[in-house]
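For reference, the structure discussed in these notes is given below.
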Amino acid sequence: MIPTCGDPDSVLPTPPQRYRLRDVFLGDFAFTDDGLRVRVEYYVNENTFKERLQLYFIKNQRSSLRIRIVDLVFKLLTCVLYILRVVTDLDPIYASCYGCTVTAADKMQFIESKNLTEEMFQENPIINWDAIWWVSRPTYLWVVQVVLAMISLTEALLLAYLGYKGNIWQQLLSFHFILEIVNTIPFMFTLLYPPLRHLFIPVFLNCWLAKQSLQNMFNDLHRAMQKSQSALSQQLMILSATLLCLVFTSVCGIQHFQRAGHRHLNLFQATYYVVVTFSTVGYGDFVPDIWPSQLYMVIMICVALIVLPTQLEQLAFTWMERQKLGGSYSSHRAQSEQHVVVCSTTLHADTIMDFLNEFYAHPLLQDFYVVLLSPMELDTTMRMILQVPIWAQRVIYIQGSCLKDADLARARMNEAEACFVLAARNYADKTAADEHTILRSWAVKDFAPNVPQYVQIFRPENKLHVKFAEHVVCEDELKYALLANNCTCPGTSTLVTLLLHTSRGQ
């Protein structure tokens, strides 16, 4: 509360004066023991109940992550319960509603059709619609599914309420909300009308909701841990989950529809048929023999032809972009092999070739890996150089910047034996180039303080800014020293230049 002047006659207390617990508050004014009247301003939490729920279910990263994990577990559990129901439902011919009595006389035509050959059945197919509408669901399984349906429906309605922003139809007609309604509302009806307990409900469609929960869970996990997953692994995860959902949906659907046909399929046979069909092999040993199952497979093939190419295209595009970035230096290789990191703003073929030739000329450095870390994309010449067999297995390119911790982590800078910071040669002003080099060296020092650095700069006056480096090569200092010694002793610069380059032959 902040005391302010309530009216012209009020007296503002001096700063040292403190209010005691015996003060009495009336309305917007407070009266102290000394008779002073001051205006009181109240600060309250103006968050509504909806905003508090949004904070817990959506905005708060950790609580939202826990909810996503629980939702994923529930969705996977419903799929497992569906598989359990399929395994226990052995005789679909006598399928009927809960509490209904079915005799062999009622199903005589379906019993007789089971004794026909496939060719004879195809001439006059008989569809057992009761096997499609009704299933055998044990009471304990029904109770568990009802409880899970109630929890899922409550969560779906709550999230729809929290996500409402003025367009109710956008919420109600969303794909995932419709799936929630299809998989939960029928279970509510079974509570009101017991004969519906054996009604078939496509609970296997919850696999798509599990896929969405998995994606949301990873997003919340990255937000909570302040770490980002690579785009390639994200696309690969989405593609794998989509493929599994397509296969699982097709397997459960064709197995259920074939309950009404001549040849009943178990889950293994249905999986075999779906994999053979999606792989375009088509052996023909298992075929749907009634039109509902045939129509279902046509729909699933069309969905696969629409969804999978899109996912594969996104994965291929991400892979190509990842190849341009050069990937990452693996942690396993960093622990088992020795490597050095070369930081350069530009990748000139002559500069990189000179460095690699001089570095690998030393016999003790033959087994070292060289990681090139540069923000520049590889040009055609550099790609050809890195594909030369002598460099292909030992030189790794990573597109990134020394100023970003994520790129330094990709290069495993903490585990490197040394770091070479080459001068920035894309600047016309050498002072500006040195400033950029110093910033990169500081960034490496901050990220990996124990890694020795070998820094190349232009101006001698900038050496003191990188005095922590293992060694600093000042180009101007070396050049002017060679010129000065060349004046007193002609031929010095030529001699030193020949000594600095590795000897090749006589």
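The values are calculated or read from the model by the stated rules, or taken from the named source; none is laboratory data. Everything quoted here is computed from the prediction, not taken from an experiment. Because the Cβ atoms are built from the backbone with ideal geometry, glycine has one as well, and the counts that use them run over all protein chains shown. Side chains are part of the model used for accessible areas, which takes the heavy atoms of the whole protein and leaves out ligands, DNA and RNA. Shrake-Rupley method; radii C 1.70, N 1.55, O 1.52, S 1.80 Å.
List of remarks:
- Segment 255-399, relative contact order [Cα under 8 Å, separation at least 6], %: 21 percent
- Distance from segment 141-197 to segment 252-318 (C-alpha centre basis), Å: 28 Å
- When you restrict to C-alpha pairs under 8 Å that are six or more residues apart and normalise by the size of the chain, the relative contact order lands at 10 percent.
- Heavy-atom surface analysis with a 1.4 Å probe gives the chain a carbon and sulfur content of 62 percent of its accessible area.
- In degrees, nearest ten, helix 349-359 long axis to first principal axis of the chain (Cα): 80 degrees
- Computed from Cα atoms, the angle from the helix 139-162 axis to the main principal axis of the chain rounds to 50 degrees.
- Its residues counted as N, segment 363-506 yields a C-alpha radius of gyration over 2.2 N^0.38 Å of 1.19.
- Folded to 0 to 90 degrees: helix 61-88 orientation relative to the chain principal axis, Cα: 40 degrees
- The longest part of the chain holding none of the exposed loop chymotrypsin sites (Phe, Trp or Tyr not before Pro), meaning those outside H, G, I, E and B in DSSP with at most 10 other Cβ atoms within 10 Å, is 44-282.
- Theoretical ellipticity at 222 nm over the chain - DSSP helices of four or more residues, -39500 (n - 2.57) apiece, nearest 500: -17000 deg cm²/dmol
- Computed on segment 355-503, with alpha-carbon pairs under 8 angstrom and 6+ residues apart, the relative contact order is 17 percent.
- Principal axis box of segment 161-289, alpha-carbon based, largest edge first, Å: 54, 45, 24
- Rg over Rh, two decimals, segment 332-421 (C-alpha only, Kirkwood Rh): 0.93
- Accessible solvent surface per residue of the chain, calculated while the other protein chains remain in place, 1.4 angstrom probe, Å²: 58 Å²
- Sites listed here are trypsin sites (Lys or Arg not before Pro) in segment 446-506 whose DSSP assignment is loop and whose Cβ has at most 10 other Cβ atoms within 10 Å: LYS467, ARG504.
- Positive minus negative residues near TYR98 (Lys, Arg vs Asp, Glu; Cβ under 11 Å): +2
- Local charge for PRO125 was computed over the other residues whose Cβ lies under 11 Å away, with Lys and Arg +1 and Asp and Glu -1, and equals -3.
- Only Lys, Arg, Asp and Glu carry charge here, each on its Cβ (+1 for the first two, -1 for the last two); on that basis the chain has a dipole of about 580 debye about its Cα centre.
- Bridge type composition, the chain - antiparallel percent by DSSP, nearest 5: 30 percent
- The alpha carbons of the chain stretch over 120, 98, 36 Å along the principal axes, in descending order.
- Local electrostatic count at ARG259 - Lys and Arg +1, Asp and Glu -1, tallied over other residues with Cβ under 11 Å: -2
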